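S.K.: I have a structure I would like to understand better, so I am pasting it below and will then ask my questions one at a time.
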Amino acid sequence: MFHIAGEEDIKKGRLTDIYFERTERILKSLKKNPVVKAEIFLKDFPDDYKWGVLAGVEETLKLLSDADRISVRCMPEGTVFRDYQPVMVIEGRYLDFGIYETAILGFLCQASGIATKAARCKIAAGDRLLYSFGARRIHPAITPMVERSAFIGGADGVSTNLGAKLINSEPVGTIPHSLILIMGDTVEATKAFDSVIEPAVKRISLVDTFCDEKFEAIRVAEGLGKSLFGIRLDTPSSRRGNFKKILEEVRWELDIRGFDKVNLIVSGGLDENDILKLRDIVDAFGVGTAISGAEVLDFSLDIVEIEGRKIAKRGKMSGAKKVIRCGRCFTDKVVLEDDRAADYKCDKCGSTYKDIFIDAIKDGEVIYDFPEVKDIRKRVLSQFKNLEL
Ligand SMILES: [Zn+2]
């Protein structure tokens with residue numbers, strides 16, 4: 001048996017922190033089950049991030065749709081949010097959803113951390129392609145979620161079959177070192193790939209196995225000719241020296257031989273800072289650990305109203321709130337949920353704010369059409385113009 005939980009374990013609350021289970025027992029024995037409103041938000045982002053990309057909403061709503069009689073308002077998946085902004089408000093009898101707190105936060109914290117990191121990498125990459133190649137760095141049971149979150153954040157492709165299926169796409173890959181080592185020669189390995197693998201798959205060779213990148217790149221380009229889409233440099237950091245210079249040299253040598261259409265793909269321990277340095281010379285980035293092992297975002301869930309009374313713990317503003325956002329300049333304001341957003345003019349530019357929350361679940365019923373994952377990603381990309389790394 002693998003060390004994983006199934007969907008039923010999550011739905012039955014078997015993965016909840018035990019103190020919620022004990023709280024449930026206590027409240028039940030005292031016959032206390034008030035109607036509460038609880039908000040999910042975060043105080044601090046990792047490092048010095050100024051924003052995050054919300055992901056994990058679909059799984060959260062699917063879990064909560066099993067709970068009785070609760071209502072949920074939230075930002076839609078793929079929304080850029082800032083610290084101290086509620087991203088979701090859950091309303092209902094505490095015992096109907098309290099047991100799910102651990103799972104809800106788990107869904108949102110990890111998926112949003114990955115989507116946020118992918119977005120940072122995609123902003124750094126600009127019009128260059130970004131592939132999520134980090135499946136090998138995480139437990140395989142969660143690979144589909146990880147790859148979906150990476151795609152939502154802006155990755156152009158993912159590497160596994162199941163991950164790609166979840167985003168209605170085809171998996172992306174190159175050639176591993178093992179094929180080249182077994183074949184004994186980079187050109188032979190690439191030719192074997194070319195003769196066996198269906199033509200729809202782009203031919204991307206790997207040029208750092210046996211020799212210098214430049215000479216292998218030239219050999220592969222001459223050996224494959226026009227069918228070669230690109231070459232990947234996975235040069236180990238111990239051999240890199242000035243990686244950008246190596247790439248410039250490879251580009252030069254290919255260009256002067258007429259292989260200017262051959263794309264340069266790089267991988268190996270990259271993050272958004274490396275991407276920024278290399279994007280002028282690189283056509284596509286394969287990012288692993290930085291995205292799949294991204295730091296989680298520390299959301300918390302806090303009660304802000306009990307039976308209509310506004311109350312919250314120290315350090316947290318009471319009352320259920322929502323976020324309104326200026327459509328023109330992306331300025332936000334947090335207001336009470338019954339505030340009329342239409343009455344506000346943007347403090348910064350004078351344009352109008354818009355309520356960016358959606359009604360997702362009403363009295364136990366999902367009243368929200370889950371968008372296509374491609375459309376969620378499109379929305380994320382459309383918000384990039386307002387963001388800085
Ligand atoms: Zn504005």
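The values are calculated or read from the model by the stated rules, or taken from the named source; none is laboratory data. Just so you know, these numbers come straight off a predicted model, no measurement behind them. Note: ideal-geometry Cβ built from the backbone for every residue, glycine included; neighbour counts use all protein chains shown. Ligands, DNA and RNA are stripped out before the accessible areas are found, and what is left, the full protein with its side chains, is counted by its heavy atoms. Shrake-Rupley method; radii C 1.70, N 1.55, O 1.52, S 1.80 Å.
S.K.: Tell me, which cysteines of the chain are without a disulfide-compatible partner by the Cβ under 4.7 Å rule?
M.R.: For the chain, the answer is 74, 109, 121, 211, because their Cβ atoms have no other cysteine Cβ under 4.7 Å.
S.K.: Carbon and sulfur atoms: what percent of the 1.4 Å accessible area of the chain do they account for?
M.R.: Numbers: 9830 of 19270 Å².
Heavy-atom surface of the chain belonging to carbon and sulfur, 1.4 Å probe: 51 percent.
S.K.: If you take the charge dipole of the chain about its Cα centre, with +1 on Lys and Arg Cβ and -1 on Asp and Glu Cβ, which of 247, 108, 23 is farthest toward its positive end?
M.R.: Going by the charge dipole, the pick is 23.
S.K.: When every alpha-carbon pair in the chain is counted, what percent end up more than 34 Å apart?
M.R.: Values: 28715 of 75466 pairs.
Result for the distance tail: 38 percent.
S.K.: Would you please name the GluC sites (Glu not before Pro) within the range 327-389 that are DSSP coil residues with at most 16 other C-beta atoms within 10 Å of their C-beta?
M.R.: Working: sites: 337, 365, 372, 388; in loops: 337, 372, 388.
In loop regions of the range 327-389 (DSSP not H, G, I, E or B), the sparsely surrounded GluC sites (Glu not before Pro) are 372, 388.
S.K.: Per residue, how much accessible area does the range 110-190 have with a 1.4 Å probe, in Å²? The partial results should precede the final answer.
M.R.: On the way: 3130 Å² over 81 residues.
Here the residues of the range 110-190 average 39 Å² of exposed surface.
S.K.: Here is a follow-up. Test of the criteria: in the range 15-66, which trypsin sites (Lys or Arg not before Pro) are in a DSSP loop and have at most 13 other Cβ atoms within 10 angstrom of their Cβ? Before the final figure, lay out the partial values.
M.R.: Values: sites: 22, 25, 28, 31, 32, 37, 43, 50, 62; in loops: 31, 32, 43, 50.
Of the trypsin sites (Lys or Arg not before Pro), the ones in loops of the range 15-66 whose Cβ has at most 13 other Cβ atoms within 10 Å are 31, 32, 43, 50.
S.K.: Rolling a 1.4 angstrom probe over the protein chains, ignoring ligands and nucleic acids, what is the accessible area of residue 88 in square angstrom, nearest 10?
M.R.: For residue 88, the solvent-accessible surface is approximately 0 Å².
S.K.: A further question on this structure: Using a simple spin-label model with points 7 Å from Cα along the Cα→Cβ vector, what separation in nm is obtained for residue 2 and residue 69?
M.R.: Using points 7 Å along Cα→Cβ, the separation is 3.9 nm.
S.K.: What are the ³J(HN,Hα) values, in whole Hz, obtained from phi via the Karplus relation 6.51 cos²θ - 1.76 cosθ + 1.60 with θ = phi - 60°, for each residue of the range 96-110 in sequence order, with x given for Gly and Pro?
M.R.: Couplings: 6, 9, x, 5, 8, 3, 4, 5, 4, 5, x, 4, 6, 5, 6 Hz.
S.K.: Normalised radius of gyration for the range 24-111, please: alpha carbon Rg relative to 2.2 N^0.38 Å, two decimal places.
M.R.: Numbers: Rg = 14.1 Å, N = 88, 2.2 N^0.38 = 12.1 Å.
Normalised by 2.2 N^0.38 Å, the Cα Rg of the range 24-111 equals 1.17.
S.K.: Can you work out the FRET efficiency for the pair residue 387 and residue 317, with r the C-beta to C-beta distance and R0 = 25 Å, to the nearest 0.05? Working shown, then result.
M.R.: Numbers: r = 25 Å, r/R0 = 1.01.
With a Förster radius of 25 Å, E is 0.50.
S.K.: Taking only the alpha carbons of the range 187-248, what extent do you get along each of the three principal axes, in Å, biggest first?
M.R.: Cα extents, longest axis first: 36, 19, 18 Å.
S.K.: Roughly how many Å² is the accessible area per residue of the range 237-389, as a whole number, for a 1.4 Å probe?
M.R.: 56 Å²
S.K.: For the range 327-368, with the dipole built from +1 on Lys and Arg beta-carbon atoms and -1 on Asp and Glu ones, taken about the Cα centre, which of 336, 350, 360 lies farthest toward the positive end?
M.R.: In the range 327-368, that residue is 350.
S.K.: Counting pairs of alpha carbon atoms under 8 Å apart in space and at least six apart in sequence, what relative contact order in percent does the chain give?
M.R.: On the way: 745 pairs, mean separation 88.6, N = 389.
So the answer I get is 23 percent.
S.K.: Something else now. Check which residues have an amide H placed less than 5 Å from residue 321's amide H, if you skip close sequence neighbours.
M.R.: 337
S.K.: Expressed as cubic angstrom per residue, what is the convex hull volume of the alpha carbon set of the range 189-307? Display every interim value, and only then the final one.
M.R.: Details: hull volume 19.7 nm³, N = 119.
That works out to 165 Å³ per residue.
S.K.: Considering all projection directions equally, how large on average is the shadow of the alpha-carbon convex hull of the range 253-311, in square nanometres?
M.R.: On the way: hull surface 29.3 nm².
Its average projected convex-hull area is 7.3 nm².
S.K.: Could you give the dipole magnitude of the range 37-157 about its Cα centre, charging the beta-carbon of Lys and Arg +1 and that of Asp and Glu -1, in debye to the nearest 20?
M.R.: Numbers: 15 positive and 16 negative charges, 55 e Å.
Its charge dipole is roughly 260 debye.
S.K.: Charges at C-beta only: +1 for Lys and Arg, -1 for Asp and Glu. How large is the resulting dipole of the range 1-70 about its Cα centre, in Debye rounded to 20? Mind showing how you got there, number by number?
M.R.: Working: 13 positive and 14 negative charges, 123 e Å.
About 580 debye.
S.K.: While we're on this one: Would you mind working out the magnitude of the charge dipole of the range 95-155 relative to its Cα centre, with +1 at each Lys and Arg C-beta and -1 at each Asp and Glu C-beta, to the nearest 20 Debye? Spell out each step's value before the answer.
M.R.: Values: 7 positive and 4 negative charges, 83 e Å.
In debye, rounded to 20, the range 95-155 gives about 400.
S.K.: Specify the residue with the greatest mean-square fluctuation among 297, 63, 130, computed from a Gaussian network of the chain linking alpha-carbon atoms under 10 Å apart.
M.R.: Ranking 297, 63, 130 by mean-square fluctuation puts 63 first.
S.K.: Right, here's the next one. Taking amide H positions as placed in the peptide plane 1.01 Å from N, state which residues far from residue 353 in sequence (5 or more) or on other chains have amide H under 5 Å from it.
M.R.: Excluding prolines and chain starts, which carry no amide H, the hits are 344, 346.
S.K.: In Å², what does the accessible area per residue of the range 17-56 work out to with a 1.4 Å probe?
M.R.: On the way: 2300 Å² over 40 residues.
Solvent-accessible surface per residue comes out at 58 Å².
S.K.: Quick one: which of 165/362; 310/385; 11/32; 165/385; 11/165 span more than 27 angstrom between C-alpha atoms? Display every interim value, and only then the final one.
M.R.: Values: 165/362 30 Å; 310/385 37 Å; 11/32 23 Å; 165/385 29 Å; 11/165 24 Å.
Too far apart for the 27 Å limit: 165/362; 310/385; 165/385.
S.K.: On the first, second and third principal axes, largest extent first, how far apart are the outermost C-alpha atoms of the range 301-387 in Å?
M.R.: Between the extreme Cα coordinates on each principal axis of the range 301-387 lie 40, 34, 24 Å.
S.K.: Excluding residues fewer than 8 places away in the same chain, name every one of the aspartates and glutamates whose C-alpha is closer than 16 Å to that of residue 345.
M.R.: Straight-distance partners of residue 345: 332, 355.
S.K.: Farthest toward the dipole's positive end in the range 1-152, which of 151, 51, 94, given Cβ charges of +1 (Lys, Arg) and -1 (Asp, Glu) about the Cα centre?
M.R.: Final value for the positive-end residue is 94.
S.K.: A further question follows. List the residues, sorted by chain then number, that are 5 or more residues from residue 288 or on another chain and whose placed amide H is less than 5 Å from its amide H.
M.R.: Sorted by chain and number, the residues that satisfy this are 133, 268, 269, 270.
S.K.: Place a point 7 Å from Cα of residue 336 in the direction of its Cβ. Which residues in the range 294-328 have their backbone N less than 16 Å from it?
M.R.: From the range 294-328, the list is 304-312, 317-324.
S.K.: Let me know the Rg and Dmax you get for the range 244-389 when you use only its Cα atoms, in Å.
M.R.: My reading of the Cα-based Rg and Dmax gives 23.2, 75 Å.
S.K.: Scaled to the compact-protein estimate 2.2 N^0.38 Å, what is the alpha-carbon radius of gyration of the range 136-229, rounded to two decimal places? Each step should come with its number before you reach the end.
M.R.: On the way: Rg = 15.3 Å, N = 94, 2.2 N^0.38 = 12.4 Å.
Expressed relative to 2.2 N^0.38 Å, the Cα Rg reads 1.24.
S.K.: If one takes the longest principal axis of the Cα atoms in the chain, at what angle in degrees, from 0 to 90 and to the nearest 10, does the Cα axis of helix 373-383 lie?
M.R.: Taking the Cα atoms of the chain, the angle to 373-383 is about 90 degrees.
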